[in-house]
Amino acid sequence: MKTIYLSLLCAVALSANELTMETIDIESSSIDDVSGEEIRSADAAQALARKVPTVSLVRRSGVANDIIVRGQKKDNINVLIDGAKIYGACPNRMDPAISHVLTNNIESIEVIEGPYDVENFGSLSALVKVKTKKPTEDLHGHIDLGAGSFGYLKAAADMSGGTEHFKFLLSLSAEKSGQYEDGAGNTFNDQVNNYIKANPTAAPSAYQDQYSDLDAYTKKTLMAKMFIDITEDQELRLGYTANRSDDVLYPSSKMDALYDDSNLYSAEYRIKELGTLSKQLSFEYYYSDVEHPMSTKYRKSSLMMGVITSQLTTTMQGAKLKNVTDLGSSFELTLGLDGSLRTWDGTYYKNGDALTYPGSAPLPLQGITKKSIDDVKTLNMALFTSLKHSSELFDTKLGLRFDNTDITPSNTDAPPLKTQEAQNYKAVSANLFTTYKTTEHLNFFGGIGKASRVPDARELYFKGMMGNVVGSDDLKQTSNYEADLGMRNSYDNFSLKSKLFYSYLSNYIYYNSANTVTQMGKVLAKNAFENIDATIYGFDITGSYYPLDTLYLDFGLAYQRGEKKSLPSNQTDTDLAEIPPLRGNVALNYIYYEESMATVEVIGADRWKHIDQENGEQKLDGWAIMNLKVAHKFSHGFGLTLGVDNLFDKTYAVSNTYRDLTLLNGGGDVMLMNEPGRYYYANASYQF
């Protein structure tokens, strides 16, 4: 413990120049030049967790990991990719939204913590805005070749160019990795086997010998964009992104992903200066789809029960009409309509054939396909408005949104299976945020807001393979009532931003592992989601110090605490799950030659001590690691980056084991997933 605090205090918190931390709005955080700096992995979740102290990683695999923002994840945070939404198809979060965009295509990521977004559906506790590369008029190109420990290989290239009125961009990448080793030298397969030694009843989930050294994943991506200036005041933007992942291993789960394929299409039309009532009118449309089969193919359980596959698909399409008007010289009014439709469907298969229920008297079920999610449709329609005002002393933003959401399952099951009820939700969201500019060097800011999000199809309707209903179709929507307060100091060689927040979550959707049922000797969740009330509060500090023109320090620190104000049924633990402990990071950056730089980075976290043991969380040790990197720029556009992460080869875990995910459980603690051990990497680049 002493080592942890010394590491944090002696360097206080993070934000290395590998992704320079800036602010777009004073209440948000941004990491810039992601494609140019984050070259060791395609995983955007890892980039965020390394550089934004309020963001934590949920480790599931070597890629496609999830994020927690201020103790919130899943649908409690909203992820947009160039204004478009994409949802993962996997109910076990193997393919979260942030996993469908890769770092080599990302220009910047902005994180707006709190309920301060009214333009988009479901921004309960945070909005993560991913902005990908834009086409350029001049011809530009970039080539990256990367290699790292554990068999990591990557190649990426992009080209952009055009004319004054037409610009295009094309980006391609491919990468693969073997199973990484943790600090103790254990591969994915080793971690699973070590867990089974202590928990023998989990033995069916061991990898078959022939697959014990299978690669952790392979991934390919394509991104294409066209920007067309129709006239001086009219612009059309078209985009397409494809991701193809194969054989992604999830060692702490009972299944792996055979593949994970996604497509994202987007179109935006803008017209400026239509008159006094319209400074800019825009119309956006997007469509995304994801196909995700997870399977026991590589596990020993398939030798006994056949290959079980849970095949899931989801689509999301949305449209937005927005008009921005100047009211005088200091007010800006935005009015808009927003709508979206999500579909989600899942079916269980055995050896390629759809599983069906066995016949039973007096109501035979023979031939009825076993569904996990029965073609559920979520239709949202909304109105929103915001008003901005700027003066010499104050910048103020007001926002208001009204949502109407219908969620409808297909209900193809026949009696005696339970008919699942359709749901309708209405919500009003509102916020106020103000910045007080006291002096050139000191600003205060604060906000209050309320936002809501509806339950998703898994929380409402999901069924296990045995037919047990995991979802609860009477869930209420969650509302977040939040207050934020902060201060920013900015001087020639020093900047500091400090924030406090308090969030009250009404009807928070929570997993209750006490709601179980035994079928065929297996303990299965039944109506496992409940509404409770809870609070989350905390602080974060970020800043930079420039003692010399060639030497500077980036740092950050974050802490959150979560408590249940009403308890799940038959439980007594008041600690809220998935609230990361005190976490900090610091990076010392030395510019030794023009744009060439060397970085020493320390990241650490306290132990997990406020945990929800009744719902599967464990006490985790604190940790601290050191990373080194040198990025050298040669002439004529060539560059070389060399680095090592986790220099001292520590064995540690960053994410806990809350049972809202289905993880390996042999009767004792759920299996933990350790982070990579010492990791060397190199990247050669050329740009023109």
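Show me the strands (runs of 3 or more DSSP E) found entirely inside the stretch 462-579 where at least 1 residues are buried (at least 20 other Cβ atoms within 10 Å of the Cβ).
Values: elements: 478-490, 494-511, 516-519, 522-525, 529-548, 551-564.
Here the list reads 478-490, 494-511, 522-525, 529-548, 551-564.
Against the list (1) in contact with a Phe, Trp or Tyr (Cβ under 9 Å, 6 or more places away or on another chain); (2) surrounded by fewer than 17 Cβ atoms within 10 Å (Cβ to Cβ); (3) touching a residue at least 24 places away in the same chain (Cβ under 8 Å), the condition Leu379 fails is (1).
Among the listed residues Thr599, Thr657, identify the single one that is surrounded by 21 or more Cβ atoms within 10 Å (Cβ to Cβ) and β-branched (Val, Ile, Thr).
Details: Thr599 fails: surrounded by 21 or more Cβ atoms within 10 Å (Cβ to Cβ).
Only one candidate qualifies: Thr657.
Of all residues in the stretch 266-279, those satisfying the criterion of being touching a Ser or Thr at 6+ places or on another chain (Cβ under 9 Å) and free of Cβ contacts under 8 Å to residues at least 60 places away in the same chain are Tyr269, Arg270, Ile271, Lys272, Thr276, Leu277, Ser278, Lys279. Set side by side, the residues Asn589, Asn585 differ, and just one is crowded, with 18+ Cβ neighbours inside 10 Å and in contact with a Phe, Trp or Tyr (Cβ under 6 Å, 6 or more places away or on another chain), which is Asn589.
Asn656 - would you say it is touching a residue at least 60 places away in the same chain (Cβ under 8 Å) and more than 30 Å from Asp158 (Cβ to Cβ)? Against the criterion (touching a residue at least 60 places away in the same chain (Cβ under 8 Å) and more than 30 Å from Asp158 (Cβ to Cβ)), Asn656 qualifies.
Is it the case that the stretch 639-647 has a residue that's closer than 15 Å to Lys619 by Cα and either surrounded by 20 or more Cβ atoms within 10 Å (Cβ to Cβ) or among the aliphatic types (A, V, I, L, M) (or both)? For the stretch 639-647, residues closer than 15 Å to Lys619 by Cα and either surrounded by 20 or more Cβ atoms within 10 Å (Cβ to Cβ) or among the aliphatic types (A, V, I, L, M) (or both): absent. Cβ-Cβ distances below 8 Å connect the following pairs, each with a first residue in the stretch 621-640 that is without any contact (Cβ under 8 Å) to a residue 40 or more places away in the chain, a second residue that is of a type in the set (Lys, Arg), and a separation of six or more residues or different chains: Asp621/Arg607; Ile625/Lys650. Surrounded by fewer than 16 Cβ atoms within 10 Å (Cβ to Cβ) and without any contact (Cβ under 8 Å) to a residue 12 or more places away in the chain: does that describe Asp353? Yes; evaluated as a whole, the condition is true for this residue.
Would you point out the residue of the stretch 236-260, among those that are charged (D, E, K, R) and buried (at least 18 other Cβ atoms within 10 Å of the Cβ), that is nearest to the chain's Cα centre (by Cα)?
Asp260
For the subset of the stretch 186-205 comprising residues that are under 28 Å from the mean Cα position of the chain (by Cα) and of a type outside the set (Asp, Glu), which member is nearest to Gly239 (Cα to Cα)?
Checking each candidate, the answer is Phe188.
Restricting the stretch 127-146 to residues that are in contact with a Lys or Arg (Cβ under 8 Å, 6 or more places away or on another chain) and free of Cβ contacts under 8 Å to residues at least 60 places away in the same chain, the residue that is nearest to Ser108 (Cα to Cα) is Thr136. Applying the criterion of being of a type in the set (A, V, I, L, M) and under 16 Å from the mean Cα position of the chain (by Cα) to the residues of the stretch 125-139, the residue that is nearest to Thr535 (Cα to Cα) is Ala126. When Asn431, Asn411, Asn404, Asn424 are checked against the criterion of being part of a strand (DSSP E or B) and more than 26 Å from Gly114 (Cβ to Cβ), Asn424 stands alone in meeting it. Tallying residues that are at negative phi, touching a residue at least 60 places away in the same chain (Cβ under 8 Å) and not β-branched (Val, Ile, Thr) within the stretch 566-587 yields 8. If you take the residues of the stretch 418-433 that are out of contact with any Phe, Trp or Tyr (no Cβ under 8 Å at 6 or more places or on another chain) and surrounded by fewer than 18 Cβ atoms within 10 Å (Cβ to Cβ), which of them is farthest from Asp374 (Cα to Cα)? Of everything passing the filter in the stretch 418-433, Leu432 is farthest from Asp374 (Cα to Cα). Residues that are β-branched (Val, Ile, Thr), over 22 Å from the mean Cα position of the chain (by Cα), more than 30 Å from Ser295 (Cβ to Cβ) and not in a strand (DSSP E or B) do not occur anywhere in the stretch 445-459.
Reported count of residues in the stretch 468-492, each being more than 15 Å from Ala457 (Cα to Cα) and of a type in the set (Asp, Glu), is 3. For the stretch 200-249, a residue qualifies if it is touching a residue at least 60 places away in the same chain (Cβ under 8 Å) and of a type in the set (Asp, Glu), and the qualifying residues are Asp215, Asp229.
Within the stretch 13-56, the set of residues being in a loop (DSSP other than H, G, I, E, B), closer than 24 Å to Asp484 by Cβ and either hydrophobic (A, V, I, L, M, F, W, C) or modelled with pLDDT of 85 or more (or both) comprises Ala13, Leu14, Ile24, Ile26, Val52, Pro53, Thr54.
Would you point out the residue of the stretch 606-638, among those that are of a type in the set (Phe, Trp, Tyr) and either within 23 Å of the chain's Cα centre (by Cα) or surrounded by 21 or more Cβ atoms within 10 Å (Cβ to Cβ) (or both), that is nearest to Thr662 (Cα to Cα)? Talk me through it step by step, then tell me what you get.
Taking the stretch 606-638 as the starting set, the residues that turn out to be of a type in the set (Phe, Trp, Tyr) are 608, 623, 634, 638.
Right, trim to either within 23 Å of the chain's Cα centre (by Cα) or surrounded by 21 or more Cβ atoms within 10 Å (Cβ to Cβ) (or both) and you get 608, 623.
Working: Trp608: 21, Trp623: 26 Å.
Per the stated criteria, the residue is Trp608.
Here Asp182, Asp213 are screened, and the one residue that is touching an Asp or Glu at 6+ places or on another chain (Cβ under 9 Å) and charged (D, E, K, R) is Asp182. The residue pairs whose first member lies in the stretch 290-304 and is free of Cβ contacts under 8 Å to residues at least 24 places away in the same chain, whose second member is among the aromatic types (Phe, Trp, Tyr), and whose beta carbons are closer than 6 Å, counting only pairs six or more residues apart or on different chains, do not exist in this structure.
The values are calculated or read from the model by the stated rules, or taken from the named source; none is laboratory data. These figures come from a predicted structure and were not determined experimentally. Backbone-built Cβ (ideal geometry, glycine too); neighbour counts: all protein chains shown.
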